[in-house]
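In what follows, a single structure is set out as structure tokens and then discussed.
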Amino acid sequence: VQLQAFGGGAVQAGGSLRLSCAVSGRTFSRYVMGWFRQAPGKEREFVAGITWSIGSTSYTDSVKGRFTISRDNAKNTVFLQMNSLKPEDTGVYFCAADVSWVIHTTINMYDYWGQGTEVTVSS
């Protein structure tokens, strides 16, 4: 499984960005796609997840109401729409895939990772 994330950039606080993660290679009947981020000097953290089969979602508290994760089954792509961005959203964003029915929030549960895409939010 190969994951390719793109769509990062630099925006001012209050702005929006849409990240995409293209999935290719072997696919599974059940898996979860997750977005994680890593701020400078901090550990990588869970941001949002979605089950590929039925589209159930989960978000970390700090992004609820501002970020939306979605998927396009036909294009094998997962999106993260980020609105009302804050400086604390700055970091490198990674997409990951977990062969599971359940959305996990811990890094070690995810089997496949894409390269990161950088998001910078200025105040």
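Condition check ((1) closer than 18 Å to His104 by Cα; (2) of a type in the set (Ser, Thr, Tyr); (3) surrounded by 14 or more Cβ atoms within 10 Å (Cβ to Cβ)) across all residues:
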position: Gln4; (1), (2), (3): no, no, yes
position: Gly15; (1), (2), (3): no, no, yes
position: Val23; (1), (2), (3): no, no, yes
position: Tyr31; (1), (2), (3): yes, yes, yes
position: Pro40; (1), (2), (3): no, no, no
position: Glu45; (1), (2), (3): yes, no, yes
position: Ala48; (1), (2), (3): yes, no, yes
position: Ile54; (1), (2), (3): yes, no, no
position: Ser62; (1), (2), (3): yes, yes, no
- Item | Yes/no for Gly91 being surrounded by 15 or more Cβ atoms within 10 Å (Cβ to Cβ), under 13 Å from the mean Cα position of the chain (by Cα), touching a residue at least 40 places away in the same chain (Cβ under 8 Å) and on the phi > 0 side of the Ramachandran plot | yes
- Of the residues in region 23-62, how many are polar (S, T, N, Q) and assigned to a loop (DSSP other than H, G, I, E, B)? 5
- Query: Applying the selection to region 78-94, what residues are in contact with a Gly (Cβ under 7 Å, 6 or more places away or on another chain) and farther than 17 Å from Gly49 by Cα?
  - Reply: Ser84, Leu85
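A short reminder: the numbers here are calculations on the coordinates, not readings from a lab. Not measured: the values here are computed from a predicted model. A quick note on method: Cβ atoms are made from the backbone with ideal geometry, for glycine too, and the neighbour counts reach across all protein chains shown.
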